[in-house]
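Asks: Okay, handing you the structure first.
None of the figures in this text is laboratory data; all of them are computed from the coordinates on show. On a predicted model such as this, the values are computed, not experimentally measured, just so you know. In this analysis, Cβ positions are derived from the backbone assuming ideal geometry, glycine residues included, and neighbour counts consider all displayed protein chains.
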Amino acid sequence: MSTELILKAAAFAAHKHKDQRRKGAEASPYINHPIGVAKVIAEIGGVDDANVIAAALLHDTLEDTQTSSAELEQAFGSQVTAIVQAVTDDKTLAKHRRKELQIEHAAHLSSEAALVKIADKICNVGDMIDSPPKGWSIERRTEYIEWAMRVVGNCANANPALKAHFDALAVMALRSV
Ligand code: NDP
Ligand code: ZN
């Protein structure tokens, strides 16, 4: 595994997300989330592909920070960039449409991008239990979990351990909201 690539991605993402906080009650530093996604892929998925781990660390940079694909391409190469692009919503679309498209696009993700997508949903659904976004009603949290189930349900089963972990967590999350 390329330690250098992974550390470079961690430092890049930390810098890009430096002024952002998560939506949860404790408003933790945003970078905790991509680190969590990378950790889930490595620990639960048993994945040691450096490009996938780096893409997990970078997965919200295009969507949520001032980062261009060209910048990622130059720093991390085309494979990492393609994975990040595949898990990035088109922010010019309305939120409702973006949510629908995530469900549709999930079925066409590469196996590498599917790993990042499933791990992202594991972390967000986990946060719905431990640190839900401030002000979200039970209905809104339930709606989020059910939507995440539909996205993950359409992802290729590239890693049964990750999918099984998500499924168990989603059931637990629906019981806990
Ligand atoms: P999202 O549903 O997009 O918010 C969830 C996203 O916030 C996650 O995907 C995650 O992003 C990020 N996030 C940050 N902190 C947390 C956390 N602690 N726990 C979980 N996720 C976190 O919310 P929007 O505000 O953008 O609204 C989108 C949709 O919600 C719209 O389609 C709208 O119709 C609907 N809505 C529903 C309401 C209701 O009451 N039912 C009310 C208002 C809107 P990432 O994936 O980048 O990690
Ligand atoms: Zn994310």
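Asks: Given R₀ = 30 Å, what would the calculated FRET efficiency be for ILE129 paired with HIS108, taking r from the Cβ atoms and rounding to 0.05?
Replies: Result of the calculation: an efficiency of 0.55.
Asks: By the gyration tensor of its Cα atoms, with a ≥ b ≥ c the square roots of the eigenvalues, what is the shape of segment 44-126: rounded for a/c under 1.5, prolate for a/b over b/c, or oblate?
Replies: oblate
Asks: So who's got an amide H within less than 5 Å of the one on SER28, skipping anything under 5 residues away but keeping other chains? H placed 1.01 Å off N, in plane.
Replies: For SER28, the qualifying residues are ARG22.
Asks: Turning to a different aspect of this structure: Grab the other residues whose beta carbon is less than 9 angstrom from that of HIS33, score K and R as +1, D and E as -1, and report the net.
Replies: -2
Asks: Of the candidates LEU93, LEU101, LEU109, which one comes out as most mobile in a Gaussian network treatment of the chain with C-alpha springs shorter than 10 Å?
Replies: LEU93
Asks: Determine the calculated [θ] at 222 nm for the chain from helices alone, applying -39500 (n - 2.57) to every DSSP H run no shorter than 4 residues and normalising by the residue count; nearest 500 deg cm²/dmol.
Replies: It comes out at -22500 deg cm²/dmol, rounded to the nearest 500.
Asks: In addition: Between GLU143 and SER68, what's the calculated FRET efficiency when r is the beta-carbon distance and R0 is 22 Å? Round to 0.05.
Replies: The calculated FRET efficiency here is 0.10.
Asks: Determine the sum of side-chain charges near ASP167: Lys and Arg each +1, Asp and Glu each -1, restricted to other residues whose C-beta is under 15 angstrom from that of ASP167.
Replies: +4
Asks: May I ask you to list, by number, the DSSP H helices of the chain whose Cα span along the axis is at least 18 Å and whose average Kyte-Doolittle hydropathy reaches 0.5 or more?
Replies: What comes out of the filter, once short or polar helices are dropped, is 3-16, 160-176.
Asks: Once you list every other residue whose beta carbon is under 12 Å from the beta carbon of ASN124, what net charge do they have if Lys and Arg are +1 and Asp and Glu are -1?
Replies: Combined, the nearby Lys, Arg, Asp and Glu give +1.
Asks: Something else about it: Let me understand segment 3-176 better: what is its radius of gyration from the alpha carbons, and its Dmax, in angstrom?
Replies: Cα-based Rg and Dmax for segment 3-176 come out at 15.1, 45 Å.
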